[in-house]
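Asker: Submitted below is the structure of interest, expressed as structure tokens.
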Ligand code: ADP
Ligand code: ASP
Ligand code: MG
């Protein structure tokens with residue numbers, strides 16, 4: 001009998017009526033002979049609501065241990081409700097929190113990593129004909145404290161469970177019917193991809209496509225978990241994440257998808273000395289603050305000085321600006337400037353490897369749409385540009401058209 005791990009996102013479990021519909025869907029699959037482990041998220045909006053409550057209590061820096069205790073309740077509600085709905089349909093089912101399973105993680109509250117999952121109870125339940133319902137997004141550390149896996153983390157819970165149970169497939173059910181060439185909410189002509197390579201999905205997720213959490217994709221790649229994204233309520237094959245490198249396909253599209261992120265901020269340290277150690281003097285302490293720096297550009301000037309520009313997550317903007325402003329003299333910088341109203345657009349495709357000129361095609365399309373480019377960064381299978389946030393949608397649509405993503409066969 002095939003074993004499936006099925007994850008349902010927040011919108012999919014957003015009301016009791018929807019939970020009942022999922023229960024019926026699971027009953028059909030169970031009746032057809034599938035062994036099933038289900039991983040629900042919290043009801044849509046619930047995690048945000050809980051975060052806001054926590055901020056009311058601790059307006060400055062929220063205590064992350066307590067935040068995890070609070071946030072994990074969102075998924076505790078849906079596992080119990082879904083299990084009740086399954087039982088009401090006459091099925092045998094049982095719910096487990098991350099602690100009960102147990103999903104063992106490291107100690108980093110609010111962005112914990114899964115280290116191990118106990119499978120004994122789950123296998124026993126499955127063998128006895130039960131549907132097993134495991135809370136997404138949460139785990140427990142070696143001290144017995146509840147941890148959570150970062151926003152969107154129930155994708156990772158599902159993939160990690162699928163890896164631990166050696167499931168035949170991990171199915172991510174969501175409010176779109178697969179992975180699209182770009183977010184269909186921004187470009188209505190976006191097209192569903194029947195398959196996407198693991199490498200491309202990894203780039204898309206890391207560059208802002210939140211349809212899958214990046215850690216889920218990393219985990220799937222590491223353990224070779226067959227992974228599929230599907231619609232919760234529409235029938236269809238969805239999108240399969242594949243692990244071949246696409247070399248066999250001559251018709252491989254040059255660009256498979258366009259990712260974007262609105263959460264960017266750009267910071268410029270002006271007029272620092274162009275000498276060994278400058279980059280480290282600026283970025284070392286920022287990394288010590290646990291702040292992730294993304295794109296980095298340094299211009300070599302004619303005189304002895306250089307300008308140093310980089311991007312961070314928009315939430316970290318104020319913190320980094322304050323920090324650098326305070327260290328301006330120490331760094332010998334003329335001034336610090338920044339802009340937290342920028343966004344990043346990226347084109348992604350393994351086809352880029354074997355074709356030159358994709359970046360200039362991208363710049364041409366954006367120039368024709370009158371979109372001004374800030375920072376640019378490239379890697380083997382992606383090109384990213386920073387733009388004014390007001391030009392994000394325009395830029396995404398222009399690129400979607402320029403690379404003919406509506407009609408490119410995959
Ligand atoms: P869930 O609550 O089910 O986890 P998410 O909101 O986390 O759902 O992810 C699904 C959303 O991801 C879609 O509604 C869509 O707006 C967005 N999205 C962004 N990029 C893409 C893409 N390339 N393909 C499909 N969906 C995308
Ligand atoms: N409920 C969590 C969140 O909103 C986890 C998830 O939905 O994947 O981020
Ligand atoms: Mg999600």
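The values are calculated or read from the model by the stated rules, or taken from the named source; none is laboratory data. These numbers were taken from a predicted model, which means no experiment stands behind them. Note that we place each Cβ from the backbone using ideal geometry, even for glycine, and neighbour counts take in every protein chain shown.
Asker: Going through 159, 134, 217 one at a time, which residue ends up being under 26 Å from residue 91 (Cβ atoms), within 15 Å of ligand 2 (Cβ to nearest atom) and within 15 Å of the chain's Cα centre (by Cα)? Walk me through it before giving the result.
Answerer: Working: 134 fails: within 15 Å of the chain's Cα centre (by Cα); 217 fails: under 26 Å from residue 91 (Cβ atoms).
That would be 159, the only listed residue that is under 26 Å from residue 91 (Cβ atoms), within 15 Å of ligand 2 (Cβ to nearest atom) and within 15 Å of the chain's Cα centre (by Cα).
Asker: Out of all the residues in the range 237-249, is one or more buried (at least 19 other Cβ atoms within 10 Å of the Cβ) and away from ligand 1 (no atom under 11 Å from the Cβ)?
Answerer: Step one: list which residues in the range 237-249 are buried (at least 19 other Cβ atoms within 10 Å of the Cβ), which gives 238-239, 241, 246.
With the extra rule that they be away from ligand 1 (no atom under 11 Å from the Cβ), the set shrinks to 241, 246.
Yes, some residue in the range 237-249 is buried (at least 19 other Cβ atoms within 10 Å of the Cβ) and away from ligand 1 (no atom under 11 Å from the Cβ).
Asker: I've got another one for you. Does the range 31-65 hold any residues that are surrounded by 15 or more Cβ atoms within 10 Å (Cβ to Cβ) and over 24 Å from the mean Cα position of the chain (by Cα), and which are they?
Answerer: Within the range 31-65, 34, 35, 36 qualify.
Asker: While we're here: Residues that are over 20 Å from residue 215 (Cα atoms) and in contact with a strand residue (DSSP E or B) (Cβ under 9 Å, 6 or more places away or on another chain): which strands (runs of 3 or more DSSP E) entirely in the range 32-114 hold 2 or more of them?
Answerer: Working: elements: 35-40, 93-96, 103-105.
Correct list: 35-40, 93-96.
Asker: Look at the range 162-190 and say how many of its residues are within 10 Å of ligand 1 (Cβ to nearest atom) and free of Cβ contacts under 8 Å to residues at least 24 places away in the same chain. Walk me through how you get there before you give the answer.
Answerer: Initial filter on the range 162-190 (within 10 Å of ligand 1 (Cβ to nearest atom)): 172-187, 190.
Filter once more, keeping what is free of Cβ contacts under 8 Å to residues at least 24 places away in the same chain: 184-185.
Total meeting the criteria: 2.
Asker: Here's a check for you: in the range 316-369, which residue that is in contact with a helix residue (DSSP H, G or I) (Cβ under 8 Å, 6 or more places away or on another chain) and part of a loop (DSSP other than H, G, I, E, B) is surrounded by the most Cβ atoms within 10 Å (Cβ to Cβ)?
Answerer: My answer is 349.
Asker: Name the residues in the range 39-67 that are touching a residue at least 24 places away in the same chain (Cβ under 8 Å) and within 14 Å of ligand 2 (Cβ to nearest atom), would you? Don't jump to the end; show me each part of the working.
Answerer: First, pick out the residues of the range 39-67 that are touching a residue at least 24 places away in the same chain (Cβ under 8 Å): 39-47, 50, 64-65, 67.
Listed by number, the residues that qualify are 39, 40, 41, 42, 43, 44, 45, 46, 47, 50, 67.
Asker: Among (1) farther than 14 Å from residue 7 by Cβ; (2) under 19 Å from the mean Cα position of the chain (by Cα); (3) within 15 Å of ligand 1 (Cβ to nearest atom), there is one condition residue 147 misses while meeting the rest; what is its number?
Answerer: Only one criterion is unmet by residue 147, namely (3).
Asker: Which of the strands (runs of 3 or more DSSP E) contained wholly in the range 238-310 include at least 2 residues that are under 18 Å from residue 376 (Cβ atoms) and modelled with pLDDT of 85 or more?
Answerer: Details: elements: 239-242, 257-273, 293-300.
In the range 238-310, 257-273, 293-300 are the strands (runs of 3 or more DSSP E) which contain 2 or more residues that are under 18 Å from residue 376 (Cβ atoms) and modelled with pLDDT of 85 or more.
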